[in-house]
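Student: One structure, pasted below without further comment.
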Amino acid sequence: MHSYQGKGLSSLGRHEAAFCAELFRRMLRIRRIEEEIERRYHQDQMKTPIHLVIGQEATAVGCGAALRPTDLAYSSHRTHGVYLAKGGDLRAMLSEMHCRANGCAGSRGGSMHLIDFSVGMAGTSAIVAGSVPLATGAALAAQMQNAGRVVAVFFGEAATEEGVVSECLNFAALKKLPIVFFCENNFYSVQSPIEPRQAPRELDRWAAAHAMSAVRVDGMNVLEVYDAARQAVERARKGEGPTFIEARVYRYRAHGGAGDDSKTGYRPVAEREAWEKLDPVEGLFKLLKEVDRKVIESDISREIEEAFDHALRSPDPTEEDLYRHVYAVG
Amino acid sequence: MPWDEGLVNSLVYDAPSAAEGRVLAYPKAVNEALDIALGRDERVFVMGQGVDDPSAMFGCTRGLKEKHGAARVFDTPVAEESMMGVATGAAMNGMRPVYMHNRPDFILLAMNQLVNHASKMHYMDNGKTTVPMVVWAAIGRGWGSGAQHSQAIQGLLLGVPGLKIVMPSTPHDAKGLLLSAIADNNPVLVFEHRCLMKKDGVVPEAHYAIPLGKGVYRRRGAQLTIAGASHAIELAQQAATKAAAQGIDCEVIDLRTVKPLDEAILEESVAKTGRLLVVDTSWMMGGVCAEIGCLAAEKWFRHLKAPVRRIGLPDVPSPAGYALEQHYYPSVDRMVAAIREMCPWT
């Protein structure tokens, strides 16, 4: 059993109620969008692999809230949460997932490659750890351009098994790059638990051995995530170098596709149920007063309905589109 | 300094005439291109293992750090995959990196970032970002370098959409093609060849650009076309001279860029000569030789008067020892023999 090790969310602390309510709204919005994607997935209108973030909303939202629109976010294959938390356009996302010409990547990306440069959602990779060096390069560019821009890159704990992440930690520490390495440790890579993959190790200590600031947070606690991310972003912006954040989280659904696959036996159903009791969205809601949940829910619901309609009404790309942008002109 | 210096030093090239212009050694021409690019565009930077060490990549990077600063010309960790990704990420965000490798063999460590990422980011995000990046490496040959230090990998990369592959054969081209590669908005691989590093040539001082994807005639002839790039073209020109002495009139096409490939110049020449010998510094199977041979069969068959011939490397890893190498690499004599077989009237 991979058990919860956080202290739980018992108060809003020094955070303003309005700010907390906004974090709740953002997490709930992602949750509802994911649930609707899941509900419709069997209709096969979205011909794209999906990696739902249900259960992991607090990481993207907490870190996203610490970033400016001009800061950049890079993500792994599990893109939905980061894209939405960074402010990515929902209609363009759903068009992309419906393989339409007006998708955020013109139907060359699909669910794993959601981008929106207007809000700094800068890149993803479907190769484990693939976007980590891209983000490190983006941070090098930010430093060379003296842009005051910070880069955050999201990846799972399995990525730390890829040598390239260690290479990037070394380079970022060496050059004091303005980057936050955000590791979401959900204990599983597809259906492989962490135990046969990694010797028992503390990922924050492993990262710290690369001569950088590193911290572990409760990934089910959006406020704790936000606090750590804000500190890391401030450090990066001041030129004090990179930070590694390990956030322990749990995905309620299968690695990919709709529904949970715990019953196949690779993880105990009771484990998921235990984590669901610590839900980041509902946990925060319990502490909020004067939040009209009905209004929030209905606003979200209307937005989602409208965005799906938009996607379904959008045109397919043509054969001509296939050949566009293989090479950049000039 | 690399240990095949002895071999490279032993190569003798015809000295160019100073009357035609300023004569520069090959590495100095590369150096001048980098210097000009760094001076013209503050987005350009040069990175790679040893770019600022005393050997300075055959001299190609000598003095650049002192002139343009350590922030723009820097040594890297020995970490090819991440550095390829760092160059890609920087290129996606407004910079124009030139990532230099001593040998293409080490690019193989970075195939994930090069093939899975750099080559297709522009396509995958529907043209929103560009990856204006140059990946430079010098192919080794001979003197015991062996199977992991002598490889020419252009054939492996030829089938990857989104990449460009440049293979200069003269100091003049090395400068002009590198300047074009740096100015290009796509990931461009520039493969130099160690055997050309001691070659001198006429190189204009000013900035000039040679278009990517365009070949050039090195020799005009009527009876047989030899096409290739890089050091293979050096050998091809010597072979054409020998063949001329035996009464065979060869045309030599230096492709300069093997991807995109200048099909027009190949077609024009094959339509005239009807005979095509493709030469390359790398493996024949599935590579530049194979692709051009296939194009001839598919598109220019009606012009052919003889089967297409290939001279590249056999489907064998590069050997280390001197005696084995003599049977392995393309040579002028092998080219002449193939030319004679293709022109049986001689």
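The values are calculated or read from the model by the stated rules, or taken from the named source; none is laboratory data. Predicted model, so just to flag it, every value in this text is computed and none were measured. Heads up, the Cβs are rebuilt from the backbone with ideal geometry, glycines too, and the neighbour counts pull from every protein chain shown.
Student: Considering each residue of region A:210-242, count those that are under 17 Å from the mean Cα position of the chain (by Cα) and either among the small types (Gly, Ala, Ser) or under 16 Å from residue A:135 (Cα atoms) (or both), and give that number. Full working, then the answer.
Tutor: Let us first name the residues in region A:210-242 that are under 17 Å from the mean Cα position of the chain (by Cα), namely A:216-230, A:232-233.
Next, from what is left, pick out any that are either among the small types (Gly, Ala, Ser) or under 16 Å from residue A:135 (Cα atoms) (or both): A:219, A:228-229, A:232-233.
Adding up the residues that qualify gives 5.
Student: Let me ask something else about it. Would you check if residue A:155 is of a type in the set (Phe, Trp, Tyr) and closer than 24 Å to residue A:37 by Cβ?
Tutor: yes
Student: OK, next. Among what's in region A:84-129 and is under 14 Å from the mean Cα position of the chain (by Cα) and of a type in the set (S, T, N, Q), pick the residue that is farthest from the other protein chains (Cβ to nearest Cβ).
Tutor: Step by step, filter region A:84-129, then rank; the result is A:111.
Student: While we're here: Restricting the search to region B:141-179, which residues are assigned to a helix (DSSP H, G or I) and over 17 Å from residue B:261 (Cβ atoms)?
Tutor: B:171, B:172, B:174, B:175, B:176, B:178, B:179 - these are the residues of region B:141-179 that are assigned to a helix (DSSP H, G or I) and over 17 Å from residue B:261 (Cβ atoms).
Student: Taking residue A:268 and the conditions (1) away from chain B (no Cβ under 14 Å); (2) crowded, with 24+ Cβ neighbours inside 10 Å, which numbered condition does it fall short on, given that it satisfies the others?
Tutor: (2)
Student: As an exercise: evaluate residue B:182 against (1) free of Cβ contacts under 8 Å to residues at least 40 places away in the same chain; (2) in a helix (DSSP H, G or I) and give the number of the one condition it does not meet.
Tutor: Result: residue B:182 passes all but (1).
Student: A further question on this structure: Taking residue B:89 and the conditions (1) within 14 Å of chain A (Cβ to nearest Cβ); (2) free of Cβ contacts under 8 Å to residues at least 12 places away in the same chain; (3) assigned to a loop (DSSP other than H, G, I, E, B), which numbered condition does it fall short on, given that it satisfies the others?
Tutor: (3)
Student: Take residue A:77 and tell me if it is closer than 22 Å to residue A:259 by Cβ and either in contact with an Asp or Glu (Cβ under 9 Å, 6 or more places away or on another chain) or surrounded by 20 or more Cβ atoms within 10 Å (Cβ to Cβ) (or both).
Tutor: Values: closer than 22 Å to residue A:259 by Cβ: yes; either in contact with an Asp or Glu (Cβ under 9 Å, 6 or more places away or on another chain) or surrounded by 20 or more Cβ atoms within 10 Å (Cβ to Cβ) (or both): yes.
When the stated conditions are applied, residue A:77 passes them.
Student: Please specify each residue of region A:287-305 satisfying the condition of being more than 15 Å from residue A:26 (Cα to Cα), of a type in the set (D, E, K, R) and in contact (Cβ under 8 Å) with a residue 24 or more places away in the chain.
Tutor: The answer is A:289, A:290.
Student: Here is a follow-up. Would you point out the residue of region B:113-132, among those that are surrounded by 22 or more Cβ atoms within 10 Å (Cβ to Cβ), in a loop (DSSP other than H, G, I, E, B) and free of Cβ contacts under 8 Å to residues at least 24 places away in the same chain, that is nearest to the other protein chains (Cβ to nearest Cβ)?
Tutor: Step by step, filter region B:113-132, then rank; the result is B:126.
Student: In a helix (DSSP H, G or I) and not β-branched (Val, Ile, Thr): does that describe residue B:325?
Tutor: So residue B:325 fits the description; yes.
Student: If only one of A:158, A:141 is free of Cβ contacts under 8 Å to residues at least 40 places away in the same chain, part of a helix (DSSP H, G or I) and within 19 Å of the chain's Cα centre (by Cα), which one is it?
Tutor: Just a single option satisfies the conditions, and that option is A:158.
Student: Out of curiosity, is residue A:267 touching a strand residue (DSSP E or B) at 6+ places or on another chain (Cβ under 7 Å) and over 22 Å from residue A:60 (Cα atoms)?
Tutor: Here the answer is yes, as residue A:267 does meet what is asked.
Student: Being at the interface with another protein chain (Cβ under 9 Å from one of its Cβ atoms) and farther than 15 Å from residue B:82 by Cβ is the filter here, so list the residues in region A:144-186 that pass it.
Tutor: Correct list: A:144, A:145, A:147, A:149.
Student: Which one is surrounded by the most Cβ atoms within 10 Å (Cβ to Cβ), of the residues in region A:187-219 that are closer than 30 Å to residue A:265 by Cα and of a type in the set (Val, Ile, Thr)?
Tutor: A:217
Student: Give the residues of region A:196-205 that are under 22 Å from residue A:229 (Cβ atoms) and more than 22 Å from the chain's Cα centre (by Cα), sorted by residue number. Spell out the reasoning first.
Tutor: In the first step, residues of region A:196-205 are kept if they are under 22 Å from residue A:229 (Cβ atoms); the result is A:202-205.
Listed by number, the list holds a single entry, A:205.
Student: Does any residue in region A:24-50 that is free of Cβ contacts under 8 Å to residues at least 60 places away in the same chain and within 18 Å of residue A:219 (Cα to Cα) come within less than 8 Å, Cβ to Cβ, of a residue that is assigned to a helix (DSSP H, G or I) and among the small types (Gly, Ala, Ser) six or more places away or on a different chain, and which pairs are these?
Tutor: Here the result reads A:26/A:64; A:26/A:85; A:30/A:60; A:30/A:81; A:30/A:85, each pair linking region A:24-50 to a residue that is assigned to a helix (DSSP H, G or I) and among the small types (Gly, Ala, Ser).
Student: Right, here's the next one. Would you check which residues across region A:80-104 are buried (at least 23 other Cβ atoms within 10 Å of the Cβ), assigned to a loop (DSSP other than H, G, I, E, B) and of a type in the set (A, V, I, L, M, F, W, C) and list them?
Tutor: A:104
Student: State which residue is surrounded by the fewest Cβ atoms within 10 Å (Cβ to Cβ) when the search covers only region B:185-210 and only residues that are part of a strand (DSSP E or B) and not acidic (Asp, Glu).
Tutor: Applying the filter and picking the extreme gives B:202.
Student: Please determine, by comparing only the residues of region B:255-312 that are among the small types (Gly, Ala, Ser) and part of a helix (DSSP H, G or I), which one is nearest to the chain's Cα centre (by Cα).
Tutor: B:290
Student: Every residue in region A:167-185 that is under 27 Å from residue A:220 (Cβ atoms) and surrounded by fewer than 24 Cβ atoms within 10 Å (Cβ to Cβ), please.
Tutor: A:185
Student: Check off (1) more than 30 Å from residue B:121 (Cα to Cα); (2) part of a loop (DSSP other than H, G, I, E, B) for residue A:327 and give me the number that stays unchecked.
Tutor: (1)
Student: Let me ask you something else. Could you pull out the residue among B:158, B:163, B:177 that is within 25 Å of residue B:271 (Cα to Cα) and assigned by TED's automatic domain parsing to the domain that holds residue B:119? Give the derivation first.
Tutor: Numbers: B:163 fails: within 25 Å of residue B:271 (Cα to Cα); B:177 fails: within 25 Å of residue B:271 (Cα to Cα).
When all the criteria are applied, what remains is B:158.
Student: Condition test on residue B:110, is it crowded, with 24+ Cβ neighbours inside 10 Å, closer than 20 Å to residue A:175 by Cβ, among the aliphatic types (A, V, I, L, M) and at the interface with another protein chain (Cβ under 9 Å from one of its Cβ atoms)? It would help to see each step written out before you state the result.
Tutor: Details: crowded, with 24+ Cβ neighbours inside 10 Å: yes; closer than 20 Å to residue A:175 by Cβ: yes; among the aliphatic types (A, V, I, L, M): yes; at the interface with another protein chain (Cβ under 9 Å from one of its Cβ atoms): no.
The answer is no for residue B:110.
Student: If I filter region B:53-64 for residues that are assigned to a helix (DSSP H, G or I), surrounded by 20 or more Cβ atoms within 10 Å (Cβ to Cβ) and within 10 Å of chain A (Cβ to nearest Cβ), do I get at least one hit?
Tutor: Checked region B:53-64: no residue is assigned to a helix (DSSP H, G or I), surrounded by 20 or more Cβ atoms within 10 Å (Cβ to Cβ) and within 10 Å of chain A (Cβ to nearest Cβ).
Student: So residue A:227 clears everything in (1) in contact with a Lys or Arg (Cβ under 6 Å, 6 or more places away or on another chain); (2) not in a loop (DSSP other than H, G, I, E, B) except one condition, right? Which one?
Tutor: (1)
Student: Mind telling me which of the residues B:161, B:187 ends up being over 14 Å from the mean Cα position of the chain (by Cα), under 30 Å from residue B:234 (Cα atoms), within 9 Å of chain A (Cβ to nearest Cβ) and of a type outside the set (A, V, I, L, M, F, W, C)?
Tutor: Values: B:187 fails: within 9 Å of chain A (Cβ to nearest Cβ).
Going through B:161, B:187 in turn, the sole match is B:161.
Student: Do we find that residue B:293 is closer than 22 Å to residue B:175 by Cβ and either touching a strand residue (DSSP E or B) at 6+ places or on another chain (Cβ under 7 Å) or surrounded by fewer than 16 Cβ atoms within 10 Å (Cβ to Cβ) (or both) in this structure? Before you say what the answer is, go through the steps one by one.
Tutor: On the way: closer than 22 Å to residue B:175 by Cβ: no; either touching a strand residue (DSSP E or B) at 6+ places or on another chain (Cβ under 7 Å) or surrounded by fewer than 16 Cβ atoms within 10 Å (Cβ to Cβ) (or both): yes.
No, not satisfied.
Student: Quick one: is residue A:75 more than 17 Å from residue A:51 (Cα to Cα) and among the hydroxyl-bearing types (Ser, Thr, Tyr)?
Tutor: Against the criterion (more than 17 Å from residue A:51 (Cα to Cα) and among the hydroxyl-bearing types (Ser, Thr, Tyr)), residue A:75 does not qualify.
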